[in-house]
Amino acid sequence: MRNLFRDFLNLFFPDLCVVCNQRLSEGEEYICTDCLLSIPKTNYHLQPDNRLEQFFAGRIPFRHIAAFAYFVKGGSIQNIIHELKYKHNPGIGRFIGELCGENIVDSDFISGLDLLAPVPLHPKRQKQRGYNQSLEICKGISRVTGIPIDSETVVRKVNNKSQTRNSRFDRWKNVEDIFALTNERSFQGKHILLVDDVITTGSTLESCAKEILKCEGCKISIYAVGTAG
Ligand SMILES: [Zn+2]
């Protein structure tokens, strides 16, 4: 009965591919098979000293850096990220996260990783959006790789007065610091994969990684769904 109702609805409001807007076939989710196959993957996870690693070299100490696919203007990754960030569609984040997970699961890139950490949003922004898109991506990666997620230890600093008075935040007096740690111990001695949606200038990731690296014995790798280069 429920399927009948769904089929009926689908007749008038069909699910469309977020990339090409064509009607999805049965079994397809969010993205049609043609668009899935034409995602421009970087395969950076198989290439030490890839362009992203060169880009971050000297800015932060890291183990590995990779991105799933190239972010091209008007391309599939731009459409997917737009849907994820501005169309209230967290499900597509988990979906693309699973694709990322399948892409890297058997590679050296993920060997030795202890935790996935999404780049946190400012609480105000997260409230507006209803979710952190990077956490949704992490959920997909975690489902495939089995690597647990820690989305609590690193936070984006709170700016409003009532919360900056909170003693937890008193240690971070430098206003230029964007991120803070709530509990250094949970990252101590761990290899963290810091996950973001798209790498552009890298300055947010750099700042977040620097904060995480304050934890003793901690190692950082970075992964994003999209990269400009
Ligand atoms: Zn399509």
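Annotations
- Flag if residue 39 is away from the ligand (no atom under 13 Å from the Cβ) and surrounded by 15 or more Cβ atoms within 10 Å (Cβ to Cβ): no
- Scan of the stretch 182-218 for residues that are more than 16 Å from residue 116 (Cβ to Cβ) and in a loop (DSSP other than H, G, I, E, B), ordered by number: 182, 183, 188, 189, 200, 201, 202, 213, 214, 216, 217
- For the stretch 106-128, the condition of being at positive phi, surrounded by fewer than 20 Cβ atoms within 10 Å (Cβ to Cβ) and away from the ligand (no atom under 16 Å from the Cβ) holds for at least one residue.
- Verdict on residue 14 being loosely packed, with under 14 Cβ neighbours inside 10 Å, of a type outside the set (Gly, Ala, Ser) and within 16 Å of the ligand (Cβ to nearest atom): yes
- Residue check, residue 47 polar (S, T, N, Q), within 16 Å of the ligand (Cβ to nearest atom) and surrounded by 12 or more Cβ atoms within 10 Å (Cβ to Cβ): no
- Filter result for the condition that a residue is under 13 Å from the mean Cα position of the chain (by Cα), more than 19 Å from residue 209 (Cα to Cα) and touching a residue at least 24 places away in the same chain (Cβ under 8 Å), over 84, 116: 84
- Which numbered condition residue 176 fails, given (1) out of contact with any Lys or Arg (no Cβ under 7 Å at 6 or more places or on another chain); (2) at pLDDT 90 or above: (2)
- Options 26, 98: the member that is more than 22 Å from residue 156 (Cβ to Cβ), in a loop (DSSP other than H, G, I, E, B) and acidic (Asp, Glu): 26
- Among the residues of the stretch 23-36, those identified as among the charged types (D, E, K, R) and within 9 Å of the ligand (Cβ to nearest atom) are 28, 34.
- Every residue from the stretch 104-155 that is of a type in the set (D, E, K, R) and in a helix (DSSP H, G or I): 108, 124, 125, 127, 129, 136, 139, 143
- Any hit, the stretch 45-63, residues being among the β-branched types (Val, Ile, Thr) and assigned by TED's automatic domain parsing to the domain that holds residue 199: yes
- When the stretch 207-227 is filtered for residues that are out of contact with any Gly (no Cβ under 9 Å at 6 or more places or on another chain) and either without any contact (Cβ under 8 Å) to a residue 24 or more places away in the chain or surrounded by fewer than 16 Cβ atoms within 10 Å (Cβ to Cβ) (or both), only 214 remains.
The values are calculated or read from the model by the stated rules, or taken from the named source; none is laboratory data. What you are looking at is a predicted structure, and each value in this text was computed from that prediction instead of being measured. As a convention, Cβ positions derive from the backbone with ideal geometry for all residues, glycine included, and neighbour counts pool all protein chains shown.
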